[in-house]
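K.L.:
Please read through the structure below; I'll follow up with questions.
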Amino acid sequence: QWKVTRYMSKLKVDEIRSADRSVSSSANITLADNGNVSLGGTLSAGTIGTGVTQPARHNFLAYKDGNQTVDASTTVQVSFQTDAFSSWDGTYGFDISNDRYIVPETGVYYIYFSGRLTDGNNVDGGSLWKLTHNEALNTSTSSMGSPSPKNFGSIIKEAPGYVPDTHAMRVISLTQGDYLRLYCRNMYGSQEAIMNTTDGFQCTVMGGFILR
């Protein structure tokens, strides 16, 4: 009879490198003392198991808790009271106190907004909505700021008796620390209101998420 004895062993290394010496010295697997593993090259094949915890991806969705009054022929920065995803960490995320999104990580983002302004059955007028990138509009003037590929919005021409929603979205490259704000200009001849809810849904929201 044979007796099999099993011995436990440990292989202690700091770095695993290809036997091909023509490979760059940085194209290796490094094992750090703190347990972290870094890959110097590209993981070209394989499946990530369901037990692996994925890093959190940045996202936000700000919405209003009440209507916001806008005087005739006036521009206001749209205020928000709640972020559905609680993205604010004290430095980055949606800053409720200043009604702006501060980009937490450099990357490509999908950004969107929707809005509704009452019309008071006023046939003449409409609303202009603009999301700005690193630009604070002077709301005491009629100017809606400078054109930019990272600024986007929509214009609504009102039909009597209807209160249309407006929607706009864009994929843009953002840098950590960039600011995004939403503005609305009331082009009616009467005081109106940016609505928070109607017909069972949130009218005015601003949100987005990182793609890569």
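K.L.:
Of all the strands (runs of 3 or more DSSP E) wholly in the range 50-136, which have at least 3 residues that are open to solvent by 70 Å² or more (accessible area, probe 1.4 Å)?
P.N.:
In the range 50-136, no matching strands (runs of 3 or more DSSP E) lie anywhere.
K.L.:
In the range 161-198, what residues are of a type in the set (Phe, Trp, Tyr) and buried (at least 16 other Cβ atoms within 10 Å of the Cβ)?
P.N.:
179, 183, 188
K.L.:
A further question on this structure: Take the residues of the range 97-145 that are out of contact with any strand residue (DSSP E or B) (no Cβ under 9 Å at 6 or more places or on another chain) and on the phi < 0 side of the Ramachandran plot: which is modelled with the lowest pLDDT?
P.N.:
In this case the residue turns out to be 123.
K.L.:
Consider residue 201 against the criteria (1) over 20 Å from residue 85 (Cα atoms); (2) surrounded by fewer than 14 Cβ atoms within 10 Å (Cβ to Cβ); (3) at pLDDT below 90: it satisfies all of them except one. Which criterion is unmet?
P.N.:
(1)
The values are calculated or read from the model by the stated rules, or taken from the named source; none is laboratory data. Note that the structure is a prediction, hence the values are computed from the model and not measured. Using ideal geometry, Cβ is built from the backbone for each residue, glycine included, and neighbour counts are taken over all protein chains shown. What goes into the accessible areas is simple: the full protein's heavy atoms, side chains included, and nothing from ligands, DNA or RNA. Shrake-Rupley method; radii C 1.70, N 1.55, O 1.52, S 1.80 Å.
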